[in-house]
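Only one structure is covered here, and it is reproduced in the block below.
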Amino acid sequence: MSYPYLSARLADVRVRIAAACERAGRSAADVTIVAVTKTHPGEAVGSVQAAGLTDVGENRIQELEAKVAEIGRDAVRWHLIGHIQRNKARRAVELADLIHSVDSLRLARKLSQEAEKLGQVVDGLIQVNLSGEETKGGIEPPGEIEAFREICQLPGLRVLGLMTMAPFTNEREVLRSVFERTRALRDQAAESISGFEPRHLSMGMSNDYEIAVEEGSTLVRLGTVLLGERDE
Ligand SMILES: *Cc1c(COP(=O)(O)O)cnc(C)c1O
């Protein structure tokens, strides 16, 4: 399987990101595309690299492990974007350059412990759930700032910002509100928590990334819009 439409699709995505940045008075250089290759074969990573992207996202440890074995640990920047079971924390620390899905204090503690054992500090984003959907992972209000504070004290984990998943809807104002509140939370954390580095906001997927960029996203996680529909 190859990806004949990838470069044209990527060009279109880049135009849309540039336009969203323009509307928001931001620089397009501050937005990184993370190509989400989940369910696609390793070849998809090669195609993504050939198209000029350097950041790849997977949502499952097993699949990340297989892709890293095939492509190489240092060939791209590997992003882990899905829920991690605590017994997989060690592999997550070893395999990911950035873990977007630090979705509980318990997981954060485990990741920090495993990183310390490996003599590493792992980079992560705290996943927040502001969608009101209980099925979505992430730290929810109230009490979220207190949880962030504890996570930011862990010695083996460096917190570089927040990640969120918008609710499953096409209502633009609902999507925007989730992204806006995530950014506000990032700003609040940056002001009040030492050890919280407000470098990243991971928000926006294929159907909502333009709104996410308007609201300050620095990492858009794009699968379908680049690689086509997944047959999951
Ligand atoms: C699958 C996935 C994406 C990409 O979704 P698309 O709609 O295909 O762009 C982004 N983020 C996470 C956490 C995912 O699991």
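The values are calculated or read from the model by the stated rules, or taken from the named source; none is laboratory data. As the structure is a prediction and not an experimental result, all values here were calculated from the model. Cβ sites come from the backbone with ideal geometry, for glycine too, and all protein chains shown count toward neighbours. When the accessible area is computed, the model is the full protein with side chains, heavy atoms only, and any ligands, DNA or RNA have been set aside. Shrake-Rupley method; radii C 1.70, N 1.55, O 1.52, S 1.80 Å.
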*Identify all residues within the range 13-39 that are open to solvent by 70 Å² or more (accessible area, probe 1.4 Å) and either more than 14 Å from the ligand (Cβ to nearest atom) or modelled with pLDDT under 95 (or both); write none if there are none.*
14, 15, 22, 23, 25, 29, 30
*What tally of residues in the range 190-220 results from selecting those that are farther than 23 Å from residue 59 by Cα and either among the hydroxyl-bearing types (Ser, Thr, Tyr) or over 18 Å from the mean Cα position of the chain (by Cα) (or both)?*
6
*Enumerate the pairs (first residue in the range 53-70 and over 15 Å from residue 93 (Cα atoms); second residue anywhere and among the charged types (D, E, K, R) and away from the ligand (no atom under 12 Å from the Cβ)) with beta-carbon separation below 8 Å, excluding pairs fewer than 6 apart on the same chain, so at least 6 apart or on different chains.*
54/77; 55/77; 56/67; 56/77
*Please find, among 64, 53, the residue that is of a type outside the set (Asp, Glu), assigned to a helix (DSSP H, G or I), within 16 Å of the ligand (Cβ to nearest atom) and open to solvent by less than 20 Å² (accessible area, probe 1.4 Å).*
64
_So for the range 134-146 (the condition being aliphatic (A, V, I, L, M) and under 26 Å from residue 192 (Cα atoms)), does at least one residue qualify?_
yes
*Name the residue, out of 189, 166, that is touching a strand residue (DSSP E or B) at 6+ places or on another chain (Cβ under 8 Å), of a type in the set (A, V, I, L, M, F, W, C) and at negative phi.*
189
*Among the helices (runs of 4 or more DSSP H) lying completely within the range 162-232, list those that include at least 2 residues that are open to solvent by less than 30 Å² (accessible area, probe 1.4 Å), touching a residue at least 24 places away in the same chain (Cβ under 8 Å) and away from the ligand (no atom under 14 Å from the Cβ).*
172-192
_Subset of the range 83-94 [open to solvent by 10 Å² or more (accessible area, probe 1.4 Å) and either in contact (Cβ under 8 Å) with a residue 12 or more places away in the chain or within 16 Å of the ligand (Cβ to nearest atom) (or both)]_ = 83, 85, 86, 88, 90, 91, 94
